[in-house]
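Sending over a structure as structure tokens; questions will come in a sec.
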Amino acid sequence: MFAHPDFDEHERVVYVREPAAGLRAIVAIHSTALGPAFGGCRMWPYRTDDDALADVLRLSRGMTYKAAICELPYGGGKSVVIGDPRRDKTPDLLRAVGRAVESLGGRYIVADDVGTTLDDLAVMRTETRHTAAATAAAKRPLPVTAWGVFNALLACAEHRFGQAGFTGLRVAVQGLGHVGYPLCRFLSEKGARLVVSDLDPARVASAEAEFGAASVPAGAIYDAACEIFSPCALGGVLNDTTIPRLKARLVCGGANNQLASQRHDLALAERDILFLPDYLANAGGVIDFHQESVDDSPAAVLKSVERIRRISAQVLDQSRRTGLRPLAVADAVVRERLDAARR
Ligand code: NAD
């Protein structure tokens with residue numbers, strides 16, 4: 001564990017097995033320096049246990065960075081359940097997840113994620129109160145992540161192209177799911193021309209009809225003529241193969257862990273492509289959670305998520321002043337906050 005490439009001084013990594021409930025899970029708490037670790041429960045048919053471990057280590061660290069850069073009183077955590085949500089998810093299994101969360105005594109607060117839903121959290125709540133979405137308003141899904149990415153893009157467009165809004169700019173959006181689709185709506189309302197791709201032809205057809213988007217096959221989005229590339233499907237999409245193909249001058253999107261490795265941030269900069277860290281752009285969910293405890297009306301939640309625009313602008317300004325890339329600036333801010341909290 002301590003030599004694992006994705007181990008980053010995580011405070012706890014807990015393996016959970018409840019055979020009667022069919023549960024095999026790993027909970028990782030990366031940091032509680034700023035507050036209880038917040039993060040989703042992902043259910044996925046991981047090919048190997050090591051894939052599950054790598055995912056939970058990486059994602060829990062990302063949660064620490066999201067909360068810290070957004071000035072929130074939370075740390076970072078994540079849980080992964082090994083299994084196919086369509087086949088293996090049962091109330092028994094979800095209650096077992098709830099017991100695992102409860103056993104951590106409030107150090108970890110569980111939210112929904114890929115393979116789990118707000119309804120699943122309600123089942124977990126029969127065993128633990130340390131879940132997100134416990135208030136009435138929070139049970140209405142809002143496009144908070146897409147709204148956050150949109151606000152990050154507003155800051156980036158101002159910085160890179162010197163303009164408010166997206167008139168005259170072409171944005172290539174990869175993935176039209178919970179994040180990508182509403183993002184297309186926000187962008188098109190502010191004048192963007194869209195090029196989209198998704199594996200699901202029905203989603204592509206909707207985006208064409210609703211936003212007048214052009215579409216390209218999934219593999220061709222990296223070659224699309226555009227000013228902005230917004231990855232909203234998968235991690236690892238910025239790599240040795242794709243970066244040389246990009247036409248965009250700016251990359252900012254909702255997918256987690258977009259860089260295949262840290263060195264690809266430099267590869268983008270060498271092509272003069274501005275990259276905003278994904279953990280800042282896609283932090284809408286944790287801001288939403290925080291807002292539940294303050295004022296969880298939809299208008300207040302969306303307003304609160306708009307802090308991503310201000311923080312992105314600060315990171316970009318500091319990047320311009322210091323010559324450091326935005327990722328280095330944001331990482332340094334996070335590390336400083338964590339160090340101060342630990343001291
Ligand atoms: P989703 O499953 O709703 O949508 C993903 C979409 O991407 C699907 O329509 C899928 O068909 C498409 N897709 C998959 N592979 C593709 C490919 N190769 N090319 C083009 N399209 C492809 O997922 P989501 O909730 O929209 O999340 C998207 C990304 O954002 C993920 O990386 C997720 O981890 C990240 N994220 C999501 C949230 C959230 O609130 N949903 C929060 C933070 C980060």
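What follows is calculated from the coordinates using simple rules that are stated; it is not laboratory data. These numbers come from a predicted model, not from an experiment. Note: ideal-geometry Cβ built from the backbone for every residue, glycine included; neighbour counts use all protein chains shown.
Which ³J(HN,Hα) values in Hz, rounded to whole numbers, follow from the phi angles of the range 105-121 under the Karplus curve 6.51 cos²θ - 1.76 cosθ + 1.60, where θ = phi - 60° and Gly and Pro get x?
Coupling constants for the range 105-121: x, x, 5, 10, 10, 9, 10, 7, 7, 4, x, 9, 10, 4, 5, 5, 5 Hz.
For the range 211-334, what percent of Cα pairs sit more than 23 Å apart? Can you show the working numbers first?
Values: 2880 of 7626 pairs.
It works out to 38 percent of all Cα pairs.
Same structure, new question: Determine, from the Cβ-Cβ distance of Thr90 and Met1 and an R0 of 22 Å, the FRET efficiency 1/(1 + (r/R0)^6), rounded to the nearest 0.05. Don't jump to the answer; show the numbers that get you there.
Details: r = 29 Å, r/R0 = 1.34.
According to the calculation, E is roughly 0.15.
Could you tell me how many cubic angstrom of Cα convex hull volume the range 33-110 has per residue? The partial results should precede the final answer.
Working: hull volume 6.8 nm³, N = 78.
Looking at the range 33-110, the number lands at 87 Å³ per residue.
Provide, for q = 0.15, 0.29, 0.30 Å⁻¹, the log10 of I(q)/I(0) from a solvent-free Debye sum over equal Cα point scatterers in the range 290-343.
-0.59, -0.97, -1.00
Specify the angular offset, from 0 to 90 degrees and rounded to the nearest 10, of the alpha carbon long axis of helix 180-189 from the longest principal axis of the alpha carbons in the chain.
Helix 180-189 sits roughly 40 degrees off the main axis of the chain.
Please compute, over every Cα-Cα pair in the chain, the percentage with a separation greater than 38 angstrom. It would help to have the intermediate numbers written out before the result.
Details: 7331 of 58653 pairs.
Roughly 12 percent, once rounded to a whole number.
While we're on this one: For the chain, find the longest principal axis of its Cα atoms and tell me its angle to the long axis of helix 307-322, 0 to 90°, nearest 10.
Helix 307-322 sits roughly 60 degrees off the main axis of the chain.
When N counts the residues of the range 1-60, how does its alpha-carbon radius of gyration compare numerically with 2.2 N^0.38 Å, as a ratio? Let's see the in-between values first.
Working: Rg = 11.9 Å, N = 60, 2.2 N^0.38 = 10.4 Å.
My calculation over the Cα atoms of the range 1-60 gives 1.14.
Another question about this same structure. Could you size up the charge dipole of the chain around its Cα centre, putting +1 on the beta carbon of Lys and Arg and -1 on that of Asp and Glu, and report it in debye to the nearest 20?
Values: 41 positive and 41 negative charges, 96 e Å.
The calculation lands at about 460 debye.
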